[in-house]
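Bear in mind that the values in this text are calculations on the coordinates, not laboratory data. Computed from a prediction, not measured in an experiment: that's the story for all the values here. Reconstructed Cβ throughout: ideal geometry from the backbone, glycine too, with neighbour counts over all protein chains shown.
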Amino acid sequence: MPRTPGRPVTQADHDRVRELHAEGLSRNAIAKEIGRSGKTVSEIAVKLGLTFDRTRTRAATEARRDDAKSRRAALALALLGDAERLRAQLWKPAHYVDHGGKEYDRVDWTLDEPAFADKLKLMQSVGIAVDRAVKLDQYDADPGIDAAKSMLGALAAGLGAAYDQLTQPATDGD
């Protein structure tokens, strides 16, 4: 059924949503079937006291999150590999080509190492690749780890201080 914008929601819409929900259709499938938006179907479902099983949606979302994490890890490794290959170029012969003169002649030459300006550009590229790899790793890092380390460090310091107080010999003035 084609969607008609601004069409008032009718009792027939409520009845059809209830019927299709009972058949196990998802919110989006019901919306497509009755020619309404997902939002409208959700609003009708709330009025009817119906809920949609989101187990599959949660599982799909979790799978996408895991896939993205895996892709970021692979990309971080690739960026580190790129950085290594770029850095290796700092110490290899560099071939240069230029065109110039009245006849626009081609001139080729090779240096034992890249020129300083090219080394600078290589190092900048290495830095960018490493920086991006680190940021990708940090994106997926568990933010609670640092807090847990801090808490455990404070707990260890407190226990150490308490132990020191218990093991100190008592003085006559106390």
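At a glance:
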{"read-out": "Near pairs, Cβ below 8 angstrom, 6+ apart or cross-chain, from region 129-151 (more than 22 Å from Arg65 (Cα to Cα) and in contact (Cβ under 8 Å) with a residue 40 or more places away in the chain) to any residue that is of a type in the set (D, E, K, R) and surrounded by 10 or more Cβ atoms within 10 Å (Cβ to Cβ)", "value": "Ala129/Asp82"}
{"read-out": "Residues of region 33-54 satisfying the condition of being charged (D, E, K, R) and buried (at least 16 other Cβ atoms within 10 Å of the Cβ)", "value": "Glu33, Arg36"}
{"read-out": "Verdict on Glu19 being part of a helix (DSSP H, G or I) and surrounded by fewer than 16 Cβ atoms within 10 Å (Cβ to Cβ)", "value": "yes"}
{"read-out": "Hits in region 22-38 - residues which are assigned to a loop (DSSP other than H, G, I, E, B) and of a type in the set (S, T, N, Q)", "value": "Ser26, Ser37"}
{"read-out": "Hits in region 22-56 (condition: farther than 16 Å from Ala12 by Cα, in contact with a Gly (Cβ under 9 Å, 6 or more places away or on another chain) and not acidic (Asp, Glu))", "value": "Arg27, Asn28"}
{"read-out": "Subset tally (residues that are more than 19 Å from Leu136 (Cα to Cα) and either among the hydroxyl-bearing types (Ser, Thr, Tyr) or under 17 Å from the mean Cα position of the chain (by Cα) (or both)) for region 49-83", "value": "5"}
{"read-out": "Single unsatisfied condition, Val107 versus (1) of a type outside the set (Lys, Arg); (2) loosely packed, with under 10 Cβ neighbours inside 10 Å; (3) more than 32 Å from the chain's Cα centre (by Cα)", "value": "(2)"}
